[in-house]
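Enquirer: Here it is, the structure, as structure tokens.
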Amino acid sequence: MRQGGFDGRIVLTGDEQVLPYQRPPLSKDYFDGKIGLDLLLMRPEVFYRDHNVEYLSGVRATAIDRAAKSVQFEGGVRFEYDHLILATGARNRQPPLPGLELDGVCYLRDLAETDDLRRRLVGAEHVIVIGAGFIGLEFAALARKQGKPVHIVEMTDRVMSRVVCPATSQFFAEAHRRTGVEFSFGAQAVRIAGNNGRVEAVELAGGERLHADLVVISVGVVPNGELAQAAGLAVANGIVVDEQLLTADPAISAIGDCASFPSRHAGGAMSRLEAVQNATDHARCVANRLLGKPHPYTALPWFWSEQGPLRLQIAA
């Protein structure tokens, strides 16, 4: 918006106690210690001050009043808007497993979770990863680099089954096996067992019991659409928007992981993408509309994953 010449008020809020940062490096260079927080941040603090962007960290929106065109936040803070952009993202999907509350059960999505997991990995001796998607495999490669035994439990019959063909799955699975990663395919975790509040094993539907002192849950995410839904906006696997990323309310847009939009590359079918490219291209599309240059969202989706020495790139 500032690059396009907008000089009005911009308020940016986030529920984490940190400046906005990039998520993709969390399971890559940041976890591996190749970059620090300074390079993880989208912009330094001075950027927001110099560009007159009011950034409020650690605040959570609780309600949207569409009639009054305002947003209520915890603590009684309230902001009025001419246009509201929902970039609420997604959260970790939590499988219906007994034992998720045990110490040693971890996730890898935000900065705090990443820092916690990185500390815990140092002393871990038996690592179990539930889910063989991008994040699970990226973490497994980093854990093996530190010499940690890793066993991945996956319900389907191959790695990354939602996004790649069987031949690509086989190539990456074999590459991980060569580093020492073990796999259980077609396996369903039914319980995380513990002792004195600490995780000690993952139990599978077939009766197998895998010893563990660190369990990483990596089974996808759930879009954060509750705020929009409570305000009467349509939500169906994300906040429903049109081809210009506008909701049914002309004063509210939704972008990024939380938005379900008609994709021209999928024949107009509603799509929701979890990718940084999609999020940034969404932002540009909405900014252009608000600056008087509207156009439909047509960017070609692309993704990447870094797993040890391998880099997977997809355009679809």
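Enquirer: Anyone know which of Val235, Val164, Val276 comes out most mobile in the 10 Å Cα GNM of the chain?
Expert: Of Val235, Val164, Val276, the most mobile in the Gaussian network model is Val164.
Enquirer: Then there's this: Rounded, prolate or oblate for the stretch 1-125? Axes are the square roots of the Cα gyration tensor eigenvalues, ordered a ≥ b ≥ c, and the cut-off for rounded is a/c under 1.5. Can you show the working numbers first?
Expert: Working: a/c = 2.95, a/b = 1.52, b/c = 1.94.
Oblate, because a/c is 1.5 or more while a/b does not exceed b/c.
Enquirer: How far is it, in nm, from the label point at Asp29 to the one at Ala266 when both lie 7 Å from their Cα along the line to the Cβ?
Expert: About 3.0 nm, to one decimal.
Enquirer: Ok, one more. In debye to the nearest 20, how big a dipole does the stretch 89-247 give about its Cα centre with +1 on each Lys and Arg Cβ and -1 on each Asp and Glu Cβ?
Expert: 400 debye
Enquirer: Taking the alpha-carbon centroid of each part, what is the distance from the stretch 137-155 to the stretch 1-73 in angstrom?
Expert: 31 Å
Enquirer: Quick one: which residues, 5+ away or cross-chain, put their amide H under 5 Å from the amide H of Val129? H built at 1.01 Å from N.
Expert: HN-HN under 5 Å from Val129: His151, Ile152, Val153, Val216.
Enquirer: Moving on. Which order do the peptides 185-198, 208-221, 295-308 take when ranked by the mean count of other beta-carbon atoms within 10 Å per residue, highest first?
Expert: Ranking, from highest mean packing down: 208-221, 295-308, 185-198.
Enquirer: Which value, in Å², gives the accessible area per residue of the stretch 41-160 when a 1.4 Å probe is used on the protein heavy atoms?
Expert: Values: 6140 Å² over 120 residues.
For the stretch 41-160, the per-residue accessible area is 51 Å².
Enquirer: In percent, how large is the relative contact order of the stretch 191-316, given Cα pairs closer than 8 Å and 6 or more residues apart?
Expert: 14 percent
Enquirer: Quick one: of Lys28/Lys69; Lys34/Lys148; Lys28/Lys148, which pairs are farther than 28 Å apart, Cα to Cα?
Expert: Lys28/Lys69
Enquirer: Next up: With just the Cα atoms defining each centre, how far is the stretch 99-116 from the stretch 204-272? Give it in Å.
Expert: 21 Å
Enquirer: Output the antiparallel fraction of DSSP beta bridges having both residues in the chain, as a percent to the nearest 5.
Expert: 55 percent
Enquirer: Follow-up. Ignoring ligands, DNA and RNA, what percent of the 1.4 Å accessible area of the chain is carbon and sulfur?
Expert: Answer for the chain is 51 percent, counting heavy atoms of protein chains only.
Enquirer: With contacts defined as alpha carbon pairs under 8 Å and 6 or more residues apart, what's the relative contact order of the stretch 1-124 in percent?
Expert: 24 percent
Enquirer: Kindly report, to the nearest 10 Å², the accessible surface of Arg66 as traced by a 1.4 Å probe over protein heavy atoms only.
Expert: Per-residue accessible area (Arg66): approximately 80 Å².
Enquirer: Also, I was wondering about something else. Once you keep just the Cα pairs under 8 angstrom separated by 6 or more residues, what percentage relative contact order results for the chain?
Expert: 17 percent
Enquirer: What size of dipole, in debye to the nearest 20, comes out for the chain about its Cα centre when the only charges are +1 on Lys and Arg C-beta atoms and -1 on Asp and Glu C-beta atoms?
Expert: Its charge dipole is roughly 560 debye.
Enquirer: Counting helices only, and only those DSSP H runs with n ≥ 4, report the 222 nm mean residue ellipticity of the chain as the sum of -39,500 (n - 2.57) divided by its residues, in deg cm²/dmol to the nearest 500.
Expert: Helix contribution divided over all residues of the chain: -6500 deg cm²/dmol.
Enquirer: Moving on to the next point. Counting heavy atoms of the protein chains only and a 1.4 Å probe, report the per residue accessible area for the stretch 209-316 as a whole number of Å².
Expert: Accessible surface, normalised per residue, equals 44 Å².
Enquirer: Follow-up. Mean-square fluctuation check for the chain, GNM, Cα pairs under 10 Å: which of Gly267, Gly147, Gly238 is largest?
Expert: Highest fluctuation among the options: Gly267.
Enquirer: Continuing with this model, one more query. Would you look at the GNM of the chain, springs on alpha carbons closer than 10 Å, and say which of Leu84, Leu97, Leu117 moves the most?
Expert: Leu97
Enquirer: Continuing with this model, one more query. Determine, from the Cβ-Cβ distance of Arg49 and Gln313 and an R0 of 41 Å, the FRET efficiency 1/(1 + (r/R0)^6), rounded to the nearest 0.05.
Expert: Between Arg49 and Gln313 the formula returns 0.65.
The values are calculated or read from the model by the stated rules, or taken from the named source; none is laboratory data. Quick caveat: nothing in here was measured; it's all calculated off a predicted structure. All Cβ positions, glycine included, derive from the backbone under ideal geometry; neighbour counts span all protein chains shown. With ligands, DNA and RNA removed, areas are computed over all heavy atoms of the protein, side chains included. Shrake-Rupley method; radii C 1.70, N 1.55, O 1.52, S 1.80 Å.
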